Amino acid sequence: QVPPGGYARQFDALRAANIECEILSGDAPMRVEAMARRLGITRWTASAQPDAKLARLLELRAAGKVVAMVGDGLNDAPVLAAADVALAIGDGATLAHAASGILLGSGHFDVIVEARAIALHMQRTLRQNLNWALGYNLAIVPLAAFGWIPPWLAALGMSLSSIVVILNSLRIGRSASPVPPPALAGEVLQS
């Protein structure tokens with residue numbers, strides 16, 4: 001059972017980031033419809049077989065969408081393997097784990113929003129680090145090559161530059177604050 005507002009807030013956060021959420025589940029229609037209603041998800045499919053899930057993923061991709069799939073069962077493995085981003089539930093089937101790129105340590109979906117925030121922070125930090133390293137190398141290496149600064153000073157600067165990059169990278173994910181609600185059954189396709 002999902003607490004009132006529990007997972008709905010997570011899916012509201014995804015929708016606020018212009019991420020469309022959809023349920024593709026092999027479960028019974030009544031159960032899937034009830035879950036979709038609680039989460040505010042308007043597009044859902046119940047009793048979906050693996051080939052139907054894969055067909056929907058290909059349809060979304062043909063429309064130019066980047067697709068993330070969350071799954072836990074054997075029947076999710078083909079669509080997890082084909083998704084742009086694949087997340088498997090920790091207590092799910094081993095084959096689903098093998099087909100995914102991200103393993104959720106538990107059945108808590110709230111970590112999806114947190115993982116997305118960390119990934120965005122990591123991208124920003126990577127750009128900062130690349131810009132810093134490029135700027136340093138474009139500024140200092142030519143000065144050392146022309147002999148305008150001693151090689152030991154350029155090497156010291158390179159070491160300090162590496163330390164700055166490492167310290168900047170250590171900040172990734174420091175501000176995350178997970179809130180673990182109970183597990184949610186079913187599969188979610190986001191595009």
- Message: Is it the case, given these coordinates, that THR94 is at pLDDT below 90, open to solvent by 30 Å² or more (accessible area, probe 1.4 Å) and among the hydroxyl-bearing types (Ser, Thr, Tyr)?
- Response: yes
- Task: State the number of residues belonging to the stretch 30-78 that are within 24 Å of ASP12 (Cα to Cα) and aliphatic (A, V, I, L, M).
- Result: 16
- Residue among ILE118, ILE112 that is under 27 Å from GLY92 (Cα atoms) and either open to solvent by less than 40 Å² (accessible area, probe 1.4 Å) or basic (Lys, Arg) (or both): ILE112
- Task: Considering each residue of the stretch 125-166, count those that are open to solvent by less than 60 Å² (accessible area, probe 1.4 Å) and either touching a residue at least 24 places away in the same chain (Cβ under 8 Å) or of a type in the set (Val, Ile, Thr) (or both), and give that number.
- Result: 8
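The values are calculated or read from the model by the stated rules, or taken from the named source; none is laboratory data. Since the model is a prediction, treat every value here as computed from it, not as a measurement. Every residue, glycine among them, receives a Cβ derived from its backbone with ideal geometry; neighbour counts consider all protein chains shown. Note: areas computed on protein heavy atoms with side chains; ligands, DNA, RNA excluded. Shrake-Rupley method; radii C 1.70, N 1.55, O 1.52, S 1.80 Å.
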